[in-house]
Amino acid sequence: METKEALFEYVLRIGDDSLILGHRVSEWCGHGPILEEDIALTNIALDLIGQATNLLDYAGQLEGKGRDGDALAFLRYDREYKNLLLVEQTNGDFGKTILRQFLFDAYRTLLLTRLSKSTDEQLSAIAVKSLKETKYHLKHSSEWVIRLGDGTEDSHSRIQSSLDALWKYTDEIFFANEVDALLEKEGIIPSMEGIKNEWTFFVSDIFAEAGLVIPTNNWKQEGGRTGRHTEHLGYLLAELQYMQRAYPDMKW
Amino acid sequence: MKDLNIQELERRFQEKIDNDIKIEPRDWMPEEYRQTLIRQISQHAHSEIVGMLPEGNWITRAPNLRRKAVLLAKVQDEAGHGLYLYSAVETLGADREQTIDDLHTGKAKYSSIFNYPTTSWADMGAIGWLVDGAAIMNQVPLCRCSYGPYARAMVRVCKEESFHQRQGFEIISLLAQGTPEQKEMAQDALNRFWWPALMMFGPNDAESPNTLQSMKWKIKRLTNDELRQQFVDVTVPQAHMIGLTIPDKDLKFNEETGHYDFGVIDWAEFWEVVKGNGPCNKERVDARRKAKEDGQWVRDAAMAYAEKRKIQKAS
Amino acid sequence: MSNKEWPLWEVFIRSKQGLNHKHVGSLRAADSKMAVENARDVYTRRSEGISIWVVESNNVFASDPSEADSLFEPADSKAYRHPLFYDVPDGISHM
Ligand SMILES: [Fe+2]
Ligand SMILES: [Fe+2]
Ligand SMILES: [Fe+2]
């Protein structure tokens with residue numbers, strides 16, 4: 001595998017994470033638990049859509065087949081999406097949305113911090129910009145995890161059950177294969193090992209403060225990074241791609 | 001000072017208004033002025049919030065990333081507008097959540113335009129162009145409204161609105177110049193939204209008994225019919241320019257008056273929609289009520305957490 | 001269900017370095033941290049600010065507008081507090 005090819009695959013993965021999670025969070029717009037939080041969630045969705053645009057445009061450039069960010073976002077088949085299973089999970093209640101966001105933000109902040117120093121200039125530039133946004137998302141989501149965990153009995157049990165439901169998707173965050181090995185060797189991306197250790201420390205800390213218990217079940221789900229998804233992605237893509245599929249080759 | 005009789009207070013109040021001096025929250029004001037403002041501003045706030053729904057309907061189906069981001073930012077702005085306005089309502093001693101509950105029980109009204117369904121992407125264009133366009137026309141004069149907090153909120157809102165109309169016009173003009181399917185989609189959206197947009201300015205002046213008092217108090221600066229005419233006059237040429245047809249066979253430029261004459265609005269439909277019989281009244285209010293009910297545990301949790309922290313800090 | 005609403009906060013924004021914080025409106029938040037974050041999302045979406053203050057509304061104490069005459073009018077008659085009250089002879093500068 002060539003570096004460029006590997007980098008295309010890698011940028012697609014993290015671009016798809018932003019795209020799919022941004023889509024999910026945008027579903028909240030107009031339905032948030034209070035007006036102020038509605039606005040906050042939409043800001044997060046906007047940041048993620050912006051990151052997806054930058055990353056997928058770059059992926060298209062790397063691929064060199066004339067596809068831009070839109071072509072990649074709207075015109076692939078489900079098996080070609082490389083996002084984490086975690087981010088395609090449905091919103092559920094506000095607690096589940098926040099917990100999904102928190103697990104992702106914690107990983108993404110650690111990743112972007114390192115990618116800011118990537119030897120690939122464009123990737124590093126995107127990372128620098130995204131990091132500022134993502135740090136804020138993490139502040140927002142971790143504060144809410146603590147509030148809900150340590151709020152009322154009801155909120156505690158709700159967010160605990162979301163943690164129980166989502167935990168099985170966390171192992172995949174640290175997925176790495178030959179793509180990563182090659183890029184890591186060239187200093188383009190960091191090692192997942194270091195990120196995993198820091199992530200585990202960080203989330204355990206917040207969960208302790210929130211009074212939440214990490215599930216002990218160790219049977220994990222993965223597949224997103226290789227295009228094997230849960231049932232939820234298909235429905236998401238049906239909406240996301242509706243216009244482009246129903247009215248092909250038009251300008252909007 | 002404190003024992004001025006009510007007539008004297010009212011006289012001074014009206015004098016201030018006549019001299020374009022703003023009324024501020026803690027100033028003396030007639031009870032009817034306060035109540036009228038609470039009703040008008042909260043209705044306006046509800047319209048912003050309910051107005052998020054028909055457009056929110058297309059966020060997940062926007063045709064490309066740029067449109068998705070623009071639409072998200074636009075709908076988010078409407079949430080902001082609602083918030084600025086609720087914030088103005090609260091300065092009058094009304095409680096935001098109470099006024100929202102009035103919306104949910106059907107006691108409070110909101111702009112009837114949002115009870116129409118958004119069935120195609122072109123509706124995002126039609127809404128931005130026509131609905132935000134009509135809203136701007138309504139709102140610009142309100143920046144000079146006599147009540148300070150309302151006027152200041154409107155200044156902020158109007159600044160943000162101008163991008164809304166432009167993004168809508170951009171969407172619809174692109175479609176109007178696109179493929180036959182797109183053009184048809186654009187015309188269809190205009191056909192469905194034109195008349196409801198004209199209804200946004202409210203009943204004819206003759207049927208609008210409160211207008212006189214509201215104008216005297218300067219919480220309304222132009223009448224419904226004046227605003228509607230302004231809207232028709234600026235919008236018709238825009239439609240022509242992009243090659244769309246206004247669905248009104250009586251529409252004609254009147255050389256004498258310098259204005260467009262237009263057909264008769266179906267007021268029966270208007271009142272039915274106001275009464276709750278529009279195509280989406282129930283869906284809209286249900287969606288807002290559901291959001292509030294589903295969020296109750298979240299708001300309670302945050303409050304409980306904040307209280308625990310306060311106690312912890314104190315001890 | 002506690003049904004206790006989040007308190008109201010007044011928001012002040014410094015639009016750029018060197019200017020005062022200015023009142024821009026209010027919002028609801030459960031605690032001060034959240035109030036600052038909500039203010040950021042509600043009132044600075046278009047880069048309107050570089051610094052935020054929030055004050056719980058019930059901690060704001062205001063003067064009584066019906067006493068405005070006795071509070072503020074006495075200052076009107078004290079023109080000697082303003083520099084233009086004084087004549088400076090021609091030829092004197094830097095004063
Ligand atoms: Fe608005
Ligand atoms: Fe509006
Ligand atoms: Fe708008």
Exercise for the section: Name every residue in region A:195-252 that is aromatic (F, W, Y) and either surrounded by 15 or more Cβ atoms within 10 Å (Cβ to Cβ) or not in a helix (DSSP H, G or I) (or both), in order of residue number. Expected result: A:W199, A:F202, A:F207, A:W219, A:Y242, A:Y247, A:W252
Handout entry: Where a residue in region B:152-175 is within 12 Å of ligand 3 (Cβ to nearest atom) and its partner, wherever it lies, is of a type outside the set (A, V, I, L, M) and not in a helix (DSSP H, G or I), with Cβ under 6 Å and at least six apart
Key = none
Practice task
Look at A:I98 and say whether it is over 21 Å from A:I49 (Cβ atoms), within 11 Å of chain B (Cβ to nearest Cβ), of a type in the set (A, V, I, L, M, F, W, C) and surrounded by 20 or more Cβ atoms within 10 Å (Cβ to Cβ).
Solution key: no
Handout entry: Which listed residue, of B:G202, B:G148, is more than 16 Å from ligand 3 (Cβ to nearest atom), buried (at least 16 other Cβ atoms within 10 Å of the Cβ) and without any contact (Cβ under 8 Å) to a residue 60 or more places away in the chain
Key = B:G202
Practice task
Looking for whichever is within 12 Å of another protein chain (Cβ to nearest Cβ) and either modelled with pLDDT of 95 or more or surrounded by 20 or more Cβ atoms within 10 Å (Cβ to Cβ) (or both) here; the options are C:S51, C:S32, C:S63. Which one fits?
Solution key: C:S32
Handout entry: All positions within region B:236-256 that are assigned to a loop (DSSP other than H, G, I, E, B) and closer than 22 Å to B:P203 by Cα
Key = B:I246, B:P247, B:D248, B:K249, B:D250, B:L251
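Any idea which residue in region A:73-88 is surrounded by the fewest Cβ atoms within 10 Å (Cβ to Cβ), counting only those that are of a type outside the set (D, E, K, R) and farther than 26 Å from A:K129 by Cα?
From region A:73-88, those of a type outside the set (D, E, K, R) are A:73-75, A:77, A:81, A:83-87; that's our starting set.
Now drop any that are not farther than 26 Å from A:K129 by Cα, which leaves A:75, A:77.
Values: A:L75: 13, A:Y77: 9.
Result: A:Y77.
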Practice task
Return only the number of the condition from (1) acidic (D, E); (2) without any contact (Cβ under 8 Å) to a residue 24 or more places away in the chain; (3) more than 22 Å from A:Q122 (Cα to Cα) that A:E27 does not satisfy.
Solution key: (2)
Exercise for the section: Kindly indicate whether B:I136 is assigned to a helix (DSSP H, G or I) and of a type in the set (V, I, T). Expected result: yes
Handout entry: Complete set of residues in region B:32-48 that are touching a residue at least 60 places away in the same chain (Cβ under 8 Å) and small (G, A, S)
Key = B:S42, B:S47
Exercise for the section: Could you look through region A:35-60, keep only residues that are over 18 Å from A:S142 (Cα atoms) and not aliphatic (A, V, I, L, M), and pick out the one that is farthest from the chain's Cα centre (by Cα)? Expected result: A:G60
Fill in the blank from the handout: Counting only residues in region B:50-72 that are free of Cβ contacts under 8 Å to residues at least 24 places away in the same chain and more than 20 Å from B:A197 (Cα to Cα), the one nearest to ligand 3 (Cβ to nearest atom) is identified as B:L72
Fill in the blank from the handout: When (1) surrounded by 14 or more Cβ atoms within 10 Å (Cβ to Cβ); (2) under 24 Å from A:L46 (Cα atoms); (3) not acidic (D, E) are applied to A:K132, the one that fails is (1)
Handout entry: Search result, residues across region A:185-194 that are farther than 10 Å from A:L110 by Cα and loosely packed, with under 15 Cβ neighbours inside 10 Å
Key = A:K185, A:E186, A:G187, A:S191, A:E193
Completion exercise
All-but-one check, A:R100 against (1) within 12 Å of the chain's Cα centre (by Cα); (2) of a type in the set (K, R); (3) under 20 Å from A:F8 (Cβ atoms), failing number (3)
Problem - region B:145-170, subset farther than 22 Å from B:R221 by Cα and of a type in the set (D, E, K, R), residue nearest to ligand 2 (Cβ to nearest atom) - result: B:R166
Exercise for the section: Those residues that are touching a Lys or Arg at 6+ places or on another chain (Cβ under 8 Å) and polar (S, T, N, Q), I need them from region A:12-50; list them, please. Expected result: A:S26, A:N43
Exercise for the section: Sort out which residues of region B:274-296 are surrounded by fewer than 20 Cβ atoms within 10 Å (Cβ to Cβ) and either among the aromatic types (F, W, Y) or not in a helix (DSSP H, G or I) (or both), and write them in order of number. Expected result: B:P279, B:C280
Exercise for the section: Test B:S47 against the stated conditions and say whether it is in contact with a Phe, Trp or Tyr (Cβ under 8 Å, 6 or more places away or on another chain) and within 13 Å of ligand 3 (Cβ to nearest atom). Expected result: yes
Exercise for the section: Being buried (at least 24 other Cβ atoms within 10 Å of the Cβ), out of contact with any His (no Cβ under 9 Å at 6 or more places or on another chain) and among the hydrophobic types (A, V, I, L, M, F, W, C) narrows it down to one of B:L83, B:L92, so name that one. Expected result: B:L83
Completion exercise
In region C:1-35, residues that are over 18 Å from B:D300 (Cβ atoms) and out of contact with any helix residue (DSSP H, G or I) (no Cβ under 7 Å at 6 or more places or on another chain) total 12
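For (1) within 16 Å of the chain's Cα centre (by Cα); (2) free of Cβ contacts under 8 Å to residues at least 12 places away in the same chain; (3) within 11 Å of another protein chain (Cβ to nearest Cβ), each residue gets a yes or a no:
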{"position": "A:R13", "(1), (2), (3)": "yes, no, no"}
{"position": "A:G22", "(1), (2), (3)": "yes, no, yes"}
{"position": "A:P33", "(1), (2), (3)": "no, no, yes"}
{"position": "A:L62", "(1), (2), (3)": "no, no, no"}
{"position": "A:N83", "(1), (2), (3)": "yes, no, no"}
Practice task
Would you confirm whether any residue within region B:114-124 is within 12 Å of ligand 2 (Cβ to nearest atom) and within 17 Å of the chain's Cα centre (by Cα)?
Solution key: yes
Practice task
Would you be able to say whether some residue in region B:114-122 is away from ligand 1 (no atom under 16 Å from the Cβ), within 14 Å of chain A (Cβ to nearest Cβ) and in a helix (DSSP H, G or I)?
Solution key: yes
Fill in the blank from the handout: Out of (1) more than 16 Å from ligand 3 (Cβ to nearest atom); (2) under 28 Å from A:A246 (Cβ atoms); (3) small (G, A, S), the one B:A88 does not meet is (2)
Problem - All positions within region B:134-144 that are touching a residue at least 24 places away in the same chain (Cβ under 8 Å) and more than 11 Å from ligand 2 (Cβ to nearest atom) - result: B:P141, B:R144
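The values are calculated or read from the model by the stated rules, or taken from the named source; none is laboratory data. Keep in mind the model is a prediction, meaning the values are calculated, not measured. Please note: Cβ atoms are built from the backbone with ideal geometry, for glycine as well, and neighbour counts cover all protein chains shown.
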